[in-house]
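Just so it is clear, none of the values below were taken in a lab; they were calculated from the coordinates. Since we're looking at a predicted model, the values are computed, not measured. We place every Cβ from the backbone using ideal geometry, glycine too, and count neighbours over all the protein chains shown.
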Amino acid sequence: MSSPSPRPTDGARHRLGIRMRELRDRADLSVEALAVASGMSAMEISQIEAGYRAPTHREIAAWCSWTRAEQQAESLIAAVARLDRAPSPVTCPDAPVSEGGFPMRNEESGHLRVYEHKFIPSLLQTDAYARAHLTKILSWRGAMGSFETAISELESLQRQLRENWRRYTFLVDELALYTKVCATGDMAAQLAHLEYVATLPNVELGVVPSDAEPAVWPSASFWLHETHVRVDALTGERQRVVDPRQVAEYHRAFHAVAVCAAYGATARGLIVMAAEYWDQLSG
């Protein structure tokens, strides 16, 4: 996919990001600390500071409040108002259908949040892990005839992740790093891939430590869109939740777990520790 051409406002948005980062630096707050305090994600903060997108008025207010720079809010909001905030045209022809049968339409290409309890999220799986995982699920359901179709759909979704046309936040319980799905050598390779994917500019990965105590533990894995939720039920079956009140509850639950997750170097340390465990078993 070709990158969109730079727009005249890109430089102004970059300068705005520098101003926002300077406020955070002066307050001696890390990205992670500001994320927890403001309710924004670490990736959203990083994208604003890098000039990838403009902050909303609400984000500016929270940012200035937690960096003790309330007097800067008015001028920052005025700077945003001067930007041409129309999004660059991003197209994704032939938007694919997810492995659960739900279309991922272009209008839903903003920010996908995924919570996974026991397994590596499918979008982050290696080929060996995905094949072993799908074999187990489809064999149980007596649906091995759809195996290659499921693999093809998954590969299509994974290409979207690499092409950087939407933002992703993944929350993975530490348990998932130690759940054996494929051969031990393949498990080590899967965790090495997970560590790599966490470095992509459109991906934020949080690992929820086994001793974390969030306000709520979701009872199932789910994919959280702005207007609906895809819930992973027993043996890989998917349920679609569209009731606004229920969707709001999933957003609350995701945030409750997110504030307990480890990010950045701490998350990578947990992944490396698990990879070393699988390396020892395969050696």
### Task
Taking 7 Å along the Cα-to-C-beta vector as the label spot, tell me the ARG58-ASP28 distance in nanometres, rounded to one decimal.
3.1
### Query
Summing +1 for each Lys or Arg and -1 for each Asp or Glu, what net charge is found among the other residues whose Cβ lies under 13 Å from the Cβ of ALA35?
-4
### Task
Using the Cα centre as the reference, give the magnitude of the dipole from point charges on the C-beta atoms of segment 106-282 (Lys, Arg: +1; Asp, Glu: -1; all else neutral), rounded to the nearest 20 debye.
260
### Query
What FRET efficiency would be calculated for the residue pair HIS14, ALA265, taking the C-beta separation as r and a Förster radius of 30 Å, to the nearest 0.05?
0.70
### Message
For THR169, what residues show an amide H to amide H distance below 5 Å, using hydrogens built from the backbone and excluding near sequence neighbours?
### Response
LEU112, ARG113, VAL114, GLU204
### Query
So for segment 154-283, taking the charge dipole from beta-carbon charges (+1 Lys/Arg, -1 Asp/Glu), which of LEU281, TYR196, LEU224 sits furthest toward the positive end?
LEU224
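Quick one: length gained pulling GLU155 to ARG238 fully straight, 0.36 nm per residue minus the C-alpha distance?
Gain on stretching GLU155 to ARG238: 28.0 nm.
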### Task
Find the percent of Cα-Cα distances in segment 133-180 that exceed 18 Å, and round it to a whole number.
54
### Message
Please list 3J(HN,Hα) in residue order for segment 69-80, calculated via the Karplus relation 6.51 cos²θ - 1.76 cosθ + 1.60 where θ = phi - 60°; whole Hz, with x for glycine and proline.
### Response
10, 4, 5, 8, 4, 4, 5, 5, 5, 5, 5, 5
### Query
Can you pull the Kirkwood radius for segment 173-262, inverse mean 1/r over Cα pairs, to one decimal in Å?
14.9
### Message
Between segment 113-130 and segment 41-79, what is the separation of their alpha carbon centroids in Å?
### Response
32
### Query
With no solvent and one point on each alpha carbon, what is the Debye value of log10 I(q)/I(0) for segment 9-82 at q = 0.21, 0.22, 0.23 Å⁻¹?
-0.82, -0.91, -1.00
### Query
Simple spin-label model, 7 Å along Cα-to-Cβ: GLU226 to THR179 in nm?
3.0
### Query
Going by a ≥ b ≥ c, the root eigenvalues of the Cα gyration tensor, does segment 106-282 fall in the rounded group (a/c under 1.5), the prolate group (a/b larger than b/c) or the oblate group?
rounded
